[in-house]
Amino acid sequence: MKRILVTGGAGFIGSHLCKKLLEKGNEVICADNLFTGTKRNVEKLLDNHRFEFIRHDVIRELLVEVDQIYNLACPASPVHYQYNPVKTLKTSIIGASNMLALADAVHARILQASTSEIYGNPKVHPQPEEYWGNVNPIGVRSCYDEGKRAAETLFFDYHRQNGLDIKVVRIFNTYGPNMSMNDGRVVSNFIVQALKGEDITIYGDGSQTRSFCYVDDLVDGLICMMDSRKGFTGPVNLGNPKEFTMLELAEKVIGLTGSKSKIVYRNLPQDDPMQRKPRIDLAQKELHWEPTVMLDEGLKRTIEYFKKELRVN
Ligand code: NAD
Ligand code: UDP
């Protein structure tokens, strides 16, 4: 049994991670400022004596005795991370700095939830970990992209300078239950629109691609990485390499929900990446990990979740 801190533990991915770590018999401390996360996501865990929730903002220091830290605290949806971009950048950089200082002080292993966004609008396709990316440093997505890039830098400098035991994963688009209804990301938007019979909003012409990973697969990957051999730092891509256009996704969601919603087209947001698909050879080799839940199955499970949330049949 380990004592584990999960920052951003009341968010979408964090709540699944906390649950899984408890199921494995660990003690879990969830630290979250509830900006995009909610206590509802972890309410079923609150009765467990091995679970603790702390309302905490990672831009402030934290001292807790733990063996492992998963640093997930950061809004992930473009709508939310652009709401207060200065705060987003501070959360990524100062938050990472504080969690690294904590790991250093208590000799904990620390994992950073980085992102495929560090590849920007990629000119190499699919994206291997060696690719340095194509990121606009001053655009509307920069607070997130550059924040996550700087956080990776801090992780590797702490590793080189202080010998810290670090793990860096680059997460590609992940979806599933516990995404918030007003999250703004494409999977939750399309499902909620389809279930409500509202227009499905495709940004641009719908030819841009993403590769969607179901949250259970992702959480398994995070834990495999945290428990991987000492010295394997990553960065390692975690994602599902099956690639879809947004138009294909919209059609799938309409088909699976049986919705009568129409597809409508809206402006493509600035710097929206045109393609994204992970190379996962490294995760397969080092972690013996690969996704098992295909998009149709993952969408069905997510649709069931949103049906309950929206109280529709
Ligand atoms: P989310 O918004 O649901 O969760 C983020 C959590 O962090 C929320 O609970 C939020 O309240 C908390 N948080 C935000 N700022 C904080 C702060 N300053 N102090 C403490 N807590 C704070 O998003 P998610 O999809 O669960 O993403 C979790 C992590 O994974 C993020 O770091 C994100 O960048 C990364 N990631 C996610 C995806 C994805 O597709 N879901 C892809 C790439 C990377
Ligand atoms: N998108 C869309 N309609 C929506 C929400 C998003 O067409 O209602 C598009 C968005 O422009 C992007 C893709 O879907 O091209 C994925 O967007 P998301 O915000 O989920 O993630 P990210 O852009 O960070 O990969």
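The values are calculated or read from the model by the stated rules, or taken from the named source; none is laboratory data. Owing to the predicted nature of the structure, the values given are computational and were not obtained by experimental measurement. No Cβ is skipped: glycine too gets one built from the backbone with ideal geometry, and neighbour counts run over all protein chains shown.
Scan the stretch 216-268 for residues that are assigned to a strand (DSSP E or B) and among the aliphatic types (A, V, I, L, M) and jot them down. Show your work before the answer.
First, pick out the residues of the stretch 216-268 that are assigned to a strand (DSSP E or B): 236-238, 243-245, 263-266.
Listed by number, the residues that qualify are V236, L238, I263, V264.
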(message) Please determine whether any residue of the stretch 76-87 is outside any loop (DSSP other than H, G, I, E, B), surrounded by fewer than 19 Cβ atoms within 10 Å (Cβ to Cβ) and in contact with a Ser or Thr (Cβ under 9 Å, 6 or more places away or on another chain).
(response) yes
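Which of the residues that make up the stretch 290-312 are part of a loop (DSSP other than H, G, I, E, B) and over 17 Å from the mean Cα position of the chain (by Cα)?
Kept after step one, since they are part of a loop (DSSP other than H, G, I, E, B), are these residues of the stretch 290-312: 290-294, 311-312.
Residues satisfying the conditions are T292, M294, R311, V312.
Can you name the residue in the stretch 29-55 that is of a type outside the set (D, E, K, R) and away from ligand 1 (no atom under 14 Å from the Cβ) and, of all such residues, is surrounded by the fewest Cβ atoms within 10 Å (Cβ to Cβ)? Give the derivation first.
Let us first name the residues in the stretch 29-55 that are of a type outside the set (D, E, K, R), namely 29-31, 33-38, 41-42, 45-46, 48-49, 51, 53-54.
If we keep only those that are away from ligand 1 (no atom under 14 Å from the Cβ) as well, we get 46, 48-49, 51.
Working: L46: 11, N48: 15, H49: 6, F51: 20.
By that ranking, first place goes to H49.
From I4, I59, grab the single residue that is in contact with a helix residue (DSSP H, G or I) (Cβ under 6 Å, 6 or more places away or on another chain), more than 16 Å from ligand 2 (Cβ to nearest atom) and over 17 Å from V219 (Cα atoms). Let's see the steps before the verdict.
Numbers: I4 fails: over 17 Å from V219 (Cα atoms).
After applying the criteria, what remains is I59.
Looking only at the stretch 226-245, filter to residues that are of a type in the set (A, V, I, L, M) and surrounded by 23 or more Cβ atoms within 10 Å (Cβ to Cβ); which one of those is nearest to R276 (Cα to Cα)?
Here is the first cut: in the stretch 226-245, the residues of a type in the set (A, V, I, L, M) are 226, 236, 238.
Adding the requirement that they be surrounded by 23 or more Cβ atoms within 10 Å (Cβ to Cβ) leaves 236, 238.
On the way: V236: 15, L238: 12 Å.
This residue is L238.
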(message) If I ask for residues that are more than 8 Å from ligand 2 (Cβ to nearest atom), assigned to a strand (DSSP E or B) and either farther than 16 Å from T115 by Cβ or hydrophobic (A, V, I, L, M, F, W, C) (or both), which ones from the stretch 182-215 would you list?
(response) T209, C213, Y214
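Kindly establish whether M179 is part of a loop (DSSP other than H, G, I, E, B) and modelled with pLDDT of 95 or more. Explain how you work it out, then say what you get.
Values: part of a loop (DSSP other than H, G, I, E, B): yes; modelled with pLDDT of 95 or more: yes.
The answer is yes for M179.
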(request) Filter the stretch 168-197 down to the residues that are within 12 Å of ligand 1 (Cβ to nearest atom) and of a type in the set (G, A, S), then identify the one that is nearest to S259 (Cα to Cα). (result) S188
(message) Only one of E152, E146, E129, E117 is assigned to a loop (DSSP other than H, G, I, E, B), acidic (D, E) and in contact (Cβ under 8 Å) with a residue 24 or more places away in the chain. Can you tell me which?
(response) E129
